[in-house]
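Scroll down for the structure; my scribbles are underneath it.
The values are calculated or read from the model by the stated rules, or taken from the named source; none is laboratory data. Everything numeric here is computed off the predicted structure, so don't read it as measured data. Note: ideal-geometry Cβ built from the backbone for every residue, glycine included; neighbour counts use all protein chains shown. Only protein heavy atoms, including side chains, enter the accessible area calculation; ligands, DNA and RNA are left aside. Shrake-Rupley method; radii C 1.70, N 1.55, O 1.52, S 1.80 Å.
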Amino acid sequence: MSSDSDHQPAGLPVPNPTKSFWHSEPNEFLLGHRTTPDLPAEADIVIVGSGITGTSAARFLAEDPRAKGRSVVMLEAREACWGATGRNGGHCQVLPIARALDVTQFEVANYNTVKAYIEAHNVACEWRSLTACRAYFSREMFDVAEAEIAGLKEKDPELGKLVAAFSDKDSLAKLRVPAAAGATTCAAAASLWPYKLITFMLEKLVKDGKLNLQTHTPVERITPSSDGDATYPTILHTPRGTLRAKHVILATNGWTSHLLPTLADLIVPVRGEMSALLPPANAPRLTSSYGLCGQKGQPANSDDYLNQRPYEGVPNPAGHYMFGGGDGAAVKRRIGAWDDGVVDEGMAGWLRGRLAQAVDLGGDEVQGELRAANEWSGVMGYSRDNVPWVGGVPGQKGVWLAGGYTGHGMPNGSLCGKAVTELLLASDEGIASSAAHERVISAVPLPRSYLITEERIAKARRLPSVEQADRDEAIGNHARQEGEPGRELEGGGKVWGKI
């Protein structure tokens with residue numbers, strides 16, 4: 001039940017990507033950074049990718065006494081944090097419905113982990129804790145979401161306190177979505193400048209001597225050591241030479257299949273669209289972040305997503321609306337597209353023209369479209385079963401993977417980075433993989449469904465391909481425990497979201 005495009009491995013990240021707003025204030029220390037002039041010949045641990053997952057993995061290794069003294073090298077094809085994390089919607093937002101209970105619990109733990117780090121280190125990344133609003137422009141979709149909230153409150157009353165559902169006109173007006181059929185809210189949400197968070201972490205790790213960062217060093221392929229070297233079983237091939245590694249962590253998300261072509265049908269690159277739009281004159285700052293679901297002209301399985309930057313107290317305080325989505329308006333191929341060097345004008349036009357219709361922005365009346373300060377694209381990694389993939393890669397000793405977030409990386413990547421380091425270190429302690437799996441489920445706490453197993457791979461391949469699921473508007477509601485069915489909409493659509 002797959003298609004040819006789902007099986008085509010991604011290429012390398014293009015050298016000339018579109019200009020993300022988040023890169024408008026680059027970290028000067030990290031631009032073109034190479035901690036050592038030459039690529040090391042070998043390393044204990046090599047991390048490929050410098051986004052939220054790879055950087056979090058480096059952070060947790062630096063904090064773990066078991067990793068003390070180990071050499072850790074990070075390879076990045078472009079500038080640091082120039083991939084999906086530096087191109088996303090700027091949310092760290094839990095999606096508490098249409099997911100298994102342990103997934104919701106994990107996302108809350110991930111949110112709290114990110115928040116705690118920012119507070120402990122006073123990271124200037126525009127973090128703002130707020131209540132998220134998911135507005136449903138389809139009554140049927142809202143009814144499903146309302147039932148999901150009721151179920152969550154029953155299963156976990158404490159988590160249930162974070163969420164609520166509204167359909168009365170006064171509440172929808174206060175939430176600034178008067179045209180919606182209903183809306184849900186969640187208190188575990190935040191807006192932030194993701195690039196500034198990640199580059200703060202990277203700069204600290206490098207300056208503390210915990211990480212050797214090598215930018216502009218794309219990994220062209222990975223191969224087993226030809227001489228059977230048991231200490232360094234994997235070779236990473238780059239234009240600057242080769243690097244032998246005891247362990248490799250792939251934090252490559254949408255580009256994973258370039259290095260693991262056998263998984264090309266399981267983690268598929270998908271191009272998304274983002275914009276930084278200028279608010280109308282005299283518009284007050286929005287007090288929530290938003291997901292806009294079930295809009296006419298958009299598939300049932302997709303949504304637009306919005307938060308707003310500050311008007312004061314930060315560099316460039318223009319109150320930009322950070323608005324992404326518009327999948328149904330795409331004029332270029334999205335599924336299987338790994339080139340973030342192009343803007344999809346259909347999607348970009350939808351974003352410029354739609355926001356003022358969907359949300360009561362306040363201020364002066366908008367005539368036509370909002371003006372864009374920046375428009376750019378980014379590459380997500382869609383998982384065939386809608387669940388991230390975390391663990392050892394079958395048949396490749398010392399190769400580990402964390403990715404496949406289906407557009408929902410910020411509320412998952414930090415603790416997925418921690419989980420993969422836990423599994424790696426457990427393997428060095430001689431702990432069997434089954435016992436290590438139980439450890440990360442208990443301690444991180446990683447959802448069992450995220451773990452990479454041969455059984456899961458086989459089961460995922462019996463599902464429709466990512467491309468077919470997208471056509472059927474059915475992707476996005478598989479993150480459940482066995483035997484916990486999703487709530488389907490008429491026609492097969494599901495409630496889901498990407499942040």
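CYS92 passes all but one of (1) within 19 Å of the chain's Cα centre (by Cα); (2) farther than 24 Å from GLY254 by Cα; which number fails? It fails just one condition, (2). Comparison of ARG59, ARG66 shows that the only residue that is part of a helix (DSSP H, G or I) and open to solvent by 60 Å² or more (accessible area, probe 1.4 Å) is ARG66. Restricting attention to the range 169-190 and to residues that are out of contact with any strand residue (DSSP E or B) (no Cβ under 9 Å at 6 or more places or on another chain) and free of Cβ contacts under 8 Å to residues at least 24 places away in the same chain, the residue that is least open to solvent (accessible area, probe 1.4 Å) turns out to be ASP170.
All of LEU370, LEU361, LEU401, LEU425 fail the test of being assigned to a helix (DSSP H, G or I) and among the aliphatic types (A, V, I, L, M), apart from LEU425. Considered as a group, the residues in the range 70-88 that are in a loop (DSSP other than H, G, I, E, B) and in contact with a Leu (Cβ under 8 Å, 6 or more places away or on another chain) include one that is most open to solvent (accessible area, probe 1.4 Å), and that residue is ARG70. Residues considered: ALA337, ALA318, ALA329. Of these, the only one that is among the hydrophobic types (A, V, I, L, M, F, W, C), out of contact with any helix residue (DSSP H, G or I) (no Cβ under 7 Å at 6 or more places or on another chain) and without any contact (Cβ under 8 Å) to a residue 60 or more places away in the chain is ALA318.
Counting the residues of the range 378-416 that are among the polar types (S, T, N, Q) and within 19 Å of GLN8 (Cβ to Cβ) gives 2. When each of SER465, SER433, SER449 is tested for being out of contact with any Phe, Trp or Tyr (no Cβ under 8 Å at 6 or more places or on another chain), open to solvent by less than 20 Å² (accessible area, probe 1.4 Å), touching a residue at least 40 places away in the same chain (Cβ under 8 Å) and of a type in the set (Ser, Thr, Tyr), the lone residue that passes is SER465. Residues that are open to solvent by 30 Å² or more (accessible area, probe 1.4 Å) and either touching a residue at least 12 places away in the same chain (Cβ under 8 Å) or closer than 22 Å to VAL387 by Cβ (or both) within the range 110-128 comprise ASN112, THR113, LYS115, HIS121, ALA124, GLU126, TRP127, ARG128, listed in sequence order.
In this structure, is GLU365 closer than 30 Å to PHE21 by Cβ, surrounded by fewer than 24 Cβ atoms within 10 Å (Cβ to Cβ) and free of Cβ contacts under 8 Å to residues at least 24 places away in the same chain? So GLU365 does not fit the description; no. Of the residues PRO17, PRO26, the single one that is within 21 Å of the chain's Cα centre (by Cα), open to solvent by 30 Å² or more (accessible area, probe 1.4 Å), at pLDDT 95 or above and more than 29 Å from LYS397 (Cα to Cα) is PRO26.
On the basis of being open to solvent by 10 Å² or more (accessible area, probe 1.4 Å) and free of Cβ contacts under 8 Å to residues at least 24 places away in the same chain, does GLY241 make the cut? Considered against the rule, which asks whether it is open to solvent by 10 Å² or more (accessible area, probe 1.4 Å) and free of Cβ contacts under 8 Å to residues at least 24 places away in the same chain, GLY241 comes out as no. Of all residues in the range 315-349 being in contact with a strand residue (DSSP E or B) (Cβ under 6 Å, 6 or more places away or on another chain) and either in a helix (DSSP H, G or I) or hydroxyl-bearing (Ser, Thr, Tyr) (or both), which is farthest from LEU370 (Cα to Cα)? Among those that are in contact with a strand residue (DSSP E or B) (Cβ under 6 Å, 6 or more places away or on another chain) and either in a helix (DSSP H, G or I) or hydroxyl-bearing (Ser, Thr, Tyr) (or both), it is MET347. Screening SER50 with (1) part of a loop (DSSP other than H, G, I, E, B); (2) under 28 Å from ARG448 (Cβ atoms); (3) at pLDDT 95 or above gives one miss only, at (2).
For (1) under 23 Å from LEU423 (Cα atoms); (2) touching a helix residue (DSSP H, G or I) at 6+ places or on another chain (Cβ under 9 Å); (3) at pLDDT 95 or above, each residue gets a yes or a no:
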site	(1), (2), (3)
ASP170	no, no, yes
CYS186	no, no, yes
ALA190	no, yes, yes
LEU202	yes, yes, yes
ASP208	no, yes, yes
ASP227	no, no, no
ARG244	yes, no, yes
LEU250	yes, yes, yes
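Within the range 373-397, track down each residue that is part of a loop (DSSP other than H, G, I, E, B), crowded, with 22+ Cβ neighbours inside 10 Å and on the phi > 0 side of the Ramachandran plot. Once the filter is applied, which keeps residues that are part of a loop (DSSP other than H, G, I, E, B), crowded, with 22+ Cβ neighbours inside 10 Å and on the phi > 0 side of the Ramachandran plot, the range 373-397 yields only ASN386. Applying a threshold of 7 Å to beta carbon distances and a minimum spacing of six or more residues, or different chains, the list of pairs starting in the range 81-103 at a residue that is more than 20 Å from GLY381 (Cβ to Cβ) and ending at one that is in a loop (DSSP other than H, G, I, E, B) and among the β-branched types (Val, Ile, Thr) reads ILE97/VAL495.
Elements of the type strands (runs of 3 or more DSSP E) sitting completely within the range 146-216 and holding at least 3 residues that are of a type outside the set (Gly, Ala, Ser), farther than 27 Å from VAL359 by Cβ and not assigned by the TED database to the domain that holds CYS293: these cover 212-214.
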